[in-house]
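Written below as structure tokens is the structure these notes are about.
Each value in this text was obtained by applying a stated rule to the coordinates, not by laboratory testing. What you see is a predicted model, and the numbers here were worked out from it, not measured in a lab. Glycine also receives a Cβ, built like all others from the backbone with ideal geometry; neighbour counts cover every protein chain displayed.
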Amino acid sequence: MTRLSVNINKIATLRNARGGNMPDVQKTAQDCERFGAQGITVHPRPDERHIRYKDVELLKPLITTELNIEGNPIPKFIELVLKYKPHQVTLVPDDPGQLTSDHGWDTIKHKDFLIDTIARFKEEGIRTSIFVDPDPKMVEHAKLTGTDRVELYTESYASGFASDKGKSVAPFVEAAKVAREVGLGLNAGHDLNLENLRFFVRSIPWIDEVSIGHALICEALYLGLDNTIKLYLRELRG
Ligand code: PXP
């Protein structure tokens, strides 16, 4: 079954709005696990506007499932990941002030950089994943970087879902088939939600993990965190 990693950046955003410790990011991460999440994802950005580097230090010993740290592998990020050794690192080519991730790697243009960076993480036994658009060529070349997995950037699936879900999932199925053929593990994320998740994982049942933050936290405002996570797990079971 596809595993659910909950991205808790939004919890940190809310906390940071008032400068105190409410909501408590560490407690929320532990509660997500208690409610059934199979992983916790954090995305520390250079300006630390949501998850701070310090949060990673505090979270690492608490996480009993899998910790996934995602972000742009600038030197400070690489240092952080090598220090705290999460189960997985996801490399994302986002710019410093970017609102949210909006594209995957060009695995041809950045091949040498990715090879070097991935090798450093793998030496420490950290599983690697790289964020890519649903482009078979990018997935094929991702394999040459030595990464364990790719994460498909699902925004275009989510935005096309309401008008034509079959059409919007088609490029993802093709990219996912390439990943499977070349022996890459497969993650997916961005803008997945309770409405569009089931169709996605039914179309690509070999996805290892989805990483979901924004919609899950928004839905939890109405449904409660425990209930929301259980509803996501139900969607993943199909
Ligand atoms: N994957 C990556 C690489 C991301 O940057 C994000 C957002 O931080 C997500 C997944 C989760 O996206 P969302 O918050 O829309 O669920």
Practice task
Express in whole angstrom the spacing between the alpha-carbon centres of segment 200-225 and segment 27-93.
Solution key: 18 Å
Exercise for the section: Can you tell me the FRET efficiency between Arg198 and Lys27 if r is taken as the Cβ-Cβ distance and R0 is 22 Å, rounded to the nearest 0.05? Expected result: 0.15
Problem - Cross-link pairs beyond the 25 Å C-alpha cut-off, checked among Lys76/Lys177; Lys54/Lys85; Lys27/Lys83; Lys76/Lys122; Lys10/Lys76 - result: Lys76/Lys177
Practice task
Loop only per DSSP, at most 12 neighbouring Cβ atoms within 10 Å: give me the GluC sites (Glu not before Pro) in segment 79-136, ordered by residue number.
Solution key: Glu124
Completion exercise
Using alpha-carbon positions, the gyration tensor of the chain gives root eigenvalues a ≥ b ≥ c; with a/c under 1.5 called rounded, otherwise prolate if a/b exceeds b/c, else oblate, the class is oblate
Fill in the blank from the handout: GNM on the chain, Cα springs under 10 Å; top mean-square fluctuation among Gly160, Gly20, Gly125 goes to Gly20
Problem - Residue-averaged 222 nm ellipticity for the chain, from DSSP H runs of 4+ at -39500 (n - 2.57), nearest 500 - result: -13500 deg cm²/dmol
Problem - Kyte-Doolittle at least -1.0, axis length at least 24 Å by Cα - qualifying DSSP helices, the chain - result: 165-182
Handout entry: Inter-label distance, nm, simple model (7 Å from Cα along the C-beta direction), Tyr222/Lys143
Key = 4.3 nm
Completion exercise
Given unit charges at Cβ for Lys, Arg (+) and Asp, Glu (-), the dipole magnitude of segment 142-211 about its Cα centre in debye, nearest 20, is 240 debye
Completion exercise
Percent antiparallel among DSSP beta bridges confined to segment 42-177, rounded to 5, stands at 0 percent
Practice task
Please identify the longest segment of the chain free of exposed trypsin sites (Lys or Arg not before Pro), where exposed means a DSSP state other than H, G, I, E or B and no more than 16 other Cβ atoms within 10 Å.
Solution key: 110-238
Completion exercise
Under a Gaussian network model of the chain whose springs join Cα atoms within less than 10 Å, the largest fluctuation of Ile115, Ile207, Ile40 belongs to Ile115
